[in-house]
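Following: one structure in structure tokens, then a few remarks.
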Amino acid sequence: MLFQHLDLEIAARENWALRRQKGIPNNRRLFVLACMDERLPVNQALGIRDGDAHIFRNAGGLVTDDVIRSAMLTTNFFGTKEIIVINHTECGMMTATGEYLTSALREKGIDPDSVTIDPALPELQLPPGTFPKWIRTFEDVDEICLRQVELLRSCPFIPSDVYIHGYVWEVESMSLRRPKERLAEKVNTAAQMGGRR
């Protein structure tokens with residue numbers, strides 16, 4: 001019995017190390033797009049562990065060309081069947097406009113119109129004046145979450161049978177909610193009850 005247990009343990013380690021070669025998907029067949037903010041604990045928020053998902057984090061949790069690249073690979077070639085987008089309240093991408101960031105970079109001596117956005121692909125350049133749009137700041141976390149889901153659903157690279165949905169992480173309550181569904185707005189108050197007591 002001891003050797004059987006060891007064989008199972010060795011096989012599990014081999015499957016972990018060689019899962020791409022063997023075509024083994026992540027444990028939950030899940031791709032997560034989330035903001036890079038350290039106040040958003042993705043594993044805790046979703047109740048997942050290492051190995052359960054492919055997790056992509058960027059500023060704002062926004063659908064960018066590299067998100068599309070990664071989502072296309074995981075859904076078409078790595079067995080992923082679900083995508084979750086997580087945006088969060090108090091996001092840094094809500095604190096400034098693209099125009100402000102462009103101006104701030106210029107003050108630092110960086111001209112966004114002349115910088116290659118992908119050093120490995122120098123021919124990929126932004127047209128002059130589009131940096132403020134490319135940086136993708138936003139004002140409404142609920143709207144931006146819904147928009148990211150829509151962008152992924154309409155992407156031809158992602159199979160139509162992949163389930164795609166989004167959530168907002170409230171940093172103030174340390175919990176997830178659906179976009180535009182704030183529990184605090186549904187809690188009974190005297191005003192909602194017409195002042196009856």
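The values are calculated or read from the model by the stated rules, or taken from the named source; none is laboratory data. Computed from a predicted structure; not experimentally measured. Cβ placement follows ideal geometry from the backbone for every residue including glycine, while neighbour counts extend to all protein chains displayed. Keep in mind that these areas ignore ligands, DNA and RNA; they rest on the heavy atoms of the full protein, side chains included. Shrake-Rupley method; radii C 1.70, N 1.55, O 1.52, S 1.80 Å.
Checking every one of the chymotrypsin sites (Phe, Trp or Tyr not before Pro) in the range 1-74 against DSSP loop status and a limit of 16 other Cβ atoms within 10 Å picks out no site at all. Calculated mean residue ellipticity at 222 nm for the chain: -9500 deg cm²/dmol, from DSSP H runs with n ≥ 4 weighted as -39500 (n - 2.57), summed, divided by the residue count and rounded to 500. In terms of overall dimensions, the range 7-64 has a Cα radius of gyration and Dmax of 14.0, 44 angstrom. Between the amide H of Leu126 and those of Ile117, distances stay under 5 Å, these residues lying 5 or more places away or on another chain, with hydrogens modeled in the peptide plane. Normalised by the empirical 2.2 N^0.38 Å for globular proteins, what value does the Cα Rg of the range 86-144 take? Dividing the Cα radius of gyration by 2.2 N^0.38 Å gives 1.27. In a fully extended conformation the segment linking Glu9 and Asn76 would gain 21.2 nm over its present Cα-Cα distance, using 0.36 nm per residue. What relative contact order, as a whole-number percentage, does the range 74-164 give when Cα pairs under 8 Å and 6 or more residues apart are counted? Relative contact order of the range 74-164: 42 percent.
A 1.4 Å probe run over the protein chains yields, for the range 1-132, 61 Å² of accessible area per residue, whole-number rounding. Sites listed here are trypsin sites (Lys or Arg not before Pro) in the range 59-110 whose DSSP assignment is loop and whose Cβ has at most 12 other Cβ atoms within 10 Å: Lys108.
For the chain, what is the per residue volume of the convex hull drawn over the alpha-carbon atoms, in cubic angstrom? Show your work: numbers first, answer last.
On the way: hull volume 42.2 nm³, N = 197.
Per-residue hull volume (Cα only) is 214 Å³.
The value of relative contact order for the chain, using C-alpha pairs under 8 Å at least six residues apart, is 21 percent.
Close amide H partners of Ile83, meaning residues 5 or more places away or on another chain with modelled amide H under 5 Å apart, are Phe31, Tyr163, Ile164, His165.
For the pair Thr116 and Ser103, the difference between a 0.36 nm per residue extended length and the Cα-Cα distance amounts to 2.9 nm. Carbon-plus-sulfur accessible fraction, the range 1-134 (probe radius 1.4 Å, protein heavy atoms only): 58%.
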